[in-house]
Amino acid sequence: MMDRQEKGDLSLVALTKSFATFTAVHPLDLTIPQGSFFALLGPSGCGKTTTLRMIAGLEEPSGGRIHIGDADITGTKAHQRNVNTVFQSYALFPHMTVLDNVMFGLRRRGDKQARAKADDILELVQLGQVAGKKPTQLSGGMQQRVALARALVNRPDVLLLDEPLGALDLKLRRQMQMELKRIQQEVGLTFIHVTHDQEEAMTMADSIAVMNTGRIEQLGDPATLYEQPRSTFVANFLGQSNLVRARVNPGGTDHIVTVRVHDTDLEMAREHLPEGVDDVWLGVRPEKLRLGEAGGPNHLRGIVRDVSFSGVATQYSVEMPWGQELIVVQQNDGTARAALGETVSVSWAAHHGFALDASQDAEAGAELVDDHG
Amino acid sequence: MAETAVLSTGSAAPRSRRRRNWVPYALLLPGLLWLVVFFVLPMVTLASQSLQEGNVDDGYVFTFNVGIYLDALKQYWPQYLRSLLYAGTATVLALLLAYPLAYFIAQKAGRHKNLLLVLVIAPFFTSFLIRTLAWRTILSDDWFVTQWAQALHITDLLQAVGLTANDSLLSSRFAVIMGLTYNFLPFMILPLYTSLERLDPRLIEAAGDLYASPWQTFRKVTWPLSLPGVVAGTLLTFIPAAGDFINARLLGTTQTTMIGSVIDSQFLRVLDYPLAAALSFILLITIVSLVSVYVRRAGTEELL
Amino acid sequence: MKWIKKHLIAFAALAVLGYMLVPNVIVAAFSFNDPKGKFNYNFNEFSTEAWTNPCGAQGICESLGLSLQIGVIASLSATVLGAMIAFALGRYRFRGRSATNLLIFMPMATPEVVMGSSLLTLFLMLGVPSGRTAILIAHIMFCVSFVVVAVKARVATLDPKLEEAAADLGANPTQTFLRVTLPLAAPGIAAGALLAFSLSFDDYIITNFNASPSSITFPMYVWGAAARGVPVQVYVIGTVMFLLALIVVMTAQLISSRRHRQVV
């Protein structure tokens, strides 16, 4: 393992944090390649911020090691690590100008070119003209960029971002997501981004670790996580999922198996079925469902119980004969529409379904999603 | 309240804090040592002194003479009672005067806020003895204040309720209580201002929006939220006022002597140290008991 | 009528402010008096005599000098001791917290006459002579608590994340304290020091218990003058102190308001 590592990869080995009454982070193993944009995603209290603080050196691990490349930094203090943080509340020094804030880290290390580097980085985040102002005189979005510049200018081995966009309004947040991504590509540093906003994580990160109750539920690139969640928590926390109880029928082909939902047989891709499980939750994302029969070979009939129009799309709630309501999101592209109370067919393609072990709670993670994204 | 906030953020404090546990004790040591040696220890020597017998020339012996406390109370109970009454009245008056001013500065003054605060604080930096002397001028018989008060029969009214003995204002209970109120007013205004400034004006608007009359808004919203300031202010006014004797001596007569004056002269002129110490100790116990009952009833133990 | 009702609070507030300031106006006016007798209680004739010769009354400037000296030393010492306690209370978890709070609160809940007299019994018992040192000890003692309250209020509002940010940016604990914590706590420390100075400078009751005939502070001088006859110079010094206080407090306000300018 070790010899295959790039020089600046960050690796956490069995990293643990326990407090007196609970364990915030269970032994965690994770390697984040140098230069990647990595997201730690999870609801509040899942241990993502504690993990970040341990990497920063602001929290002492109860066990395990932290390596950057070949160097073990577990025992070093925050001020000795070449790791910088963009804090959630920005934590800008209110008694210093923007420029002094940005030069703070460079000066601590006696950098002779502190001024030039600070000017450059302020240019990069487009704040050159406010260098002489105090942070409190700036807007939230500008403060956010100062915090970013202050951390970036030190060219840390790893840059940690703790919910950096949480305090911004939606429009500004979208804009900053793009800008963060651009800056990361421009400077090529490792970014670790902690967030509870699944949309933000998927927009920006190369890979995402979804955390829940102190453990990583699933690790992967955004598309894989979304299309093939491996737990009900991930299925519900990343976007919405329709989960219906199903039993796997024996037989089938190499590519397709059928599962029985109540009295209907439905097809799904064999590669999306976990091994050795017969009782499953069959999952389909709402936007993969089609009203009518054009969506694919799988059909279910039900009654429209709720219609809510949101401009780009319309969301329907369709009640199945066994009482469960499926969510269908239909693009408003002029195709099939349905009215309240109408009986409709819902259809989807075999490869859009995924299956999860039925021993899990179907609601896991669903109640934790908020509307920040 | 503030305590729990500190403790709960404590769990997230950097590890160096928890590892180097000796740091807070090192920070506390010099200051607390000073207070123990020069505040707590003197209380012990005070109690001890009160139970000794003897005189300045021949020295004192510890005789556990508890009787002196009874003598002290028997002889000086009017001064104790007077001190508590004057201080209590002055505290209530100060609260009535300070509240509108503190409210105005905190909520209504806008850009004049800082100027008004300066005007409240600045007199406080001038020797209060000099300012008390100024009241002797203001209240003297020759000045218009007394003359107008006489013309408007206010002096008659004050005399009728026993606050003055004749138709002068100076050298009376009225003058002493007025002086106490005046002198400790800033101690009432500042804590009140602090808690009223934190009051979100939208709460007052919300109360009005929910059909509360201005008086009901005050009773149900403003007053309860300003209680920490009221408690701190009344304590900071009542405690020094109860022990004060400067106002009583400069603005009063021998009929208005307060207990502080007795303690002062027993210690420094009569040189009867055991009696003086007993008088002082009784005052301490009285104040501490009153304050702890008051603080408990007000329900705000976090005063610092 | 409606207008009056609407501005009732403003009128009440201004009336109270007037009540607070009237004695200062009187003091200023009477500093230009040429009084008839020994007492400066009635205005007789305009004169700048006392202003041109402020040390003209015997012993007045010596007592003023002593009070300034004691005020500076006592307030600086109390500020150091009190600020240390405030940092410990505001920034650390430790056992004995409530006992510490109680010990800080007690001197504020004790009448001055009790503190002064009890210190006197201690000094009598230990054989410590009255005078300047005894006064200094007493002043530092009663100022510490007020400094703790002022500084603690400020430290409590400081975001602990700022110190973490400093460490994160490579500042060691000493640098973090000197460059971040201390500058941010400075307004509270300055307020505490100013308060301590004014308390020390103005104290009569406690001082009187611990002073000797050779250590007459300014308040003691005024007290004595109240019995013997008040020289006009007392009013001059009172006026100067008021003006100085105005300037000092206004400057402090200006600095802090410039620091805390709102988000634009």
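All of the numbers you see were taken from the coordinates with simple rules; none came from a lab. The structure presented is a predicted model; accordingly, all values stated were derived computationally and were not measured. Please note: Cβ atoms are built from the backbone with ideal geometry, for glycine as well, and neighbour counts cover all protein chains shown.
Descriptive notes on the structure:
- Global size of chain A: 24.0, 75 Å for Rg and Dmax (C-alpha atoms, Rg to one decimal, Dmax whole).
- Exposure proxy ranking for B:VAL37, A:VAL307, based on other Cβ atoms within 10 angstrom of each Cβ and starting from the fewest, stands as B:VAL37, A:VAL307.
- C-alpha long axis of helix A:114-124 to longest principal axis of chain A, angle in °: 30 degrees
- Kirkwood hydrodynamic radius (C-alpha pairs) into Stokes-Einstein, region A:10-226, 20 °C and 1.002 mPa s, D in µm²/s: 122 µm²/s
- Cα shape, region C:58-230, gyration tensor, a/c 1.5 rule: prolate
- By other beta-carbon atoms within 10 Å, ranking A:TRP322, B:TRP34 with the fewest at the front produces A:TRP322, B:TRP34.
- With the simple spin-label model, which puts each label point 7 Å out from Cα in the Cβ direction, the B:ASN166 to C:LEU254 separation comes to 5.1 nm.
- Magnitude of the charge dipole for region A:17-79, about its Cα centre and with charges confined to Cβ atoms of Lys, Arg (+1) and Asp, Glu (-1), is about 180 debye.
- Lys/Arg +1, Asp/Glu -1 at C-beta; the protein assembly as shown dipole; positive extreme among B:VAL262, B:GLN52, A:LEU30: B:VAL262
- Taking a straight Cα-Cα cut-off under 22 Å and skipping sequence neighbours fewer than 8 places away in the same chain, the lysines within cross-link reach of B:LYS113 are C:LYS5, C:LYS6.
- Chain C: relative contact order in percent, alpha carbon pairs under 8 Å with at least 6 residues between: 32 percent
- Residue mean of other protein chain beta carbons inside 10 Å, C:145-156: 2
- With 20 Å bins beginning at zero, the pair-distance distribution over Cα atoms of the protein assembly as shown amounts to 12, 32, 28, 18, 9, 1, 0 %.
- For the protein assembly as shown, with +1 on Lys and Arg beta carbons and -1 on Asp and Glu, the positive-most of C:SER63, A:PHE93, A:LEU225 along the dipole: C:SER63
- Extreme residue, positive dipole direction of chain A, given options A:LEU40, A:SER308, A:VAL257 (C-beta unit charges): A:LEU40
- Cβ neighbours within 10 Å from other chains - mean over A:124-137: 1
- Once the mean of 1/r is taken over each pair of separate Cα atoms and inverted, region B:47-150 shows a Kirkwood hydrodynamic radius of 19.0 Å.
- P(r) weight above 14 Å for region C:69-144, C-alpha pairs, percent: 67 percent
- 22 Å Cα-Cα threshold exceeded, pairs from A:LYS134/C:LYS161; A:LYS48/A:LYS181; A:LYS134/B:LYS108; A:LYS48/C:LYS161: A:LYS134/B:LYS108
- Viscosity 1.002 mPa s, temperature 20 °C, Stokes-Einstein D of region A:1-113 from Kirkwood C-alpha radius, µm²/s: 136 µm²/s
- Each residue in A:HIS196, A:HIS255 was given a count of other beta-carbon atoms within 10 angstrom of its own, and listing them fewest first yields A:HIS255, A:HIS196.
- Region B:133-237 - convex hull of alpha carbons, volume per residue in Å³: 145 Å³
- When peptides C:142-148, C:89-95 are ranked by their average number of other Cβ atoms within 10 Å per residue, the highest-first order is C:142-148, C:89-95.
- Net charge dipole size for the protein assembly as shown [Lys, Arg +1 and Asp, Glu -1 on Cβ; Debye, nearest 20]: 2340 debye
- Whole-percent P(r), chain B, all Cα pairs, 20 Å bins from 0: 24, 50, 23, 2.
- Inter-site label distance for A:THR21 and B:ASP71 at 7 Å from Cα along Cβ, in nm: 5.9 nm
- Between A:LEU172 and A:SER89, the simple label model (points 7 Å from Cα in the Cβ direction) yields a spacing of 1.7 nm.
- Rounded to the nearest 20 debye, the dipole size of chain C about its Cα centre is 900 debye, using +1 on the Cβ of Lys and Arg and -1 on the Cβ of Asp and Glu.
- For region A:242-356, the spread of Cα positions along the three principal axes, ordered from largest to smallest, is 42, 26, 20 Å.
- Placing a label point 7 Å from the Cα of B:ASP272 along the Cα-to-Cβ line, no residue of region C:123-161 has its backbone N under 20 Å from it.
- Among the cysteines of the protein assembly as shown, A:CYS46, C:CYS143 have no other cysteine beta carbon within less than 4.7 Å of their own.
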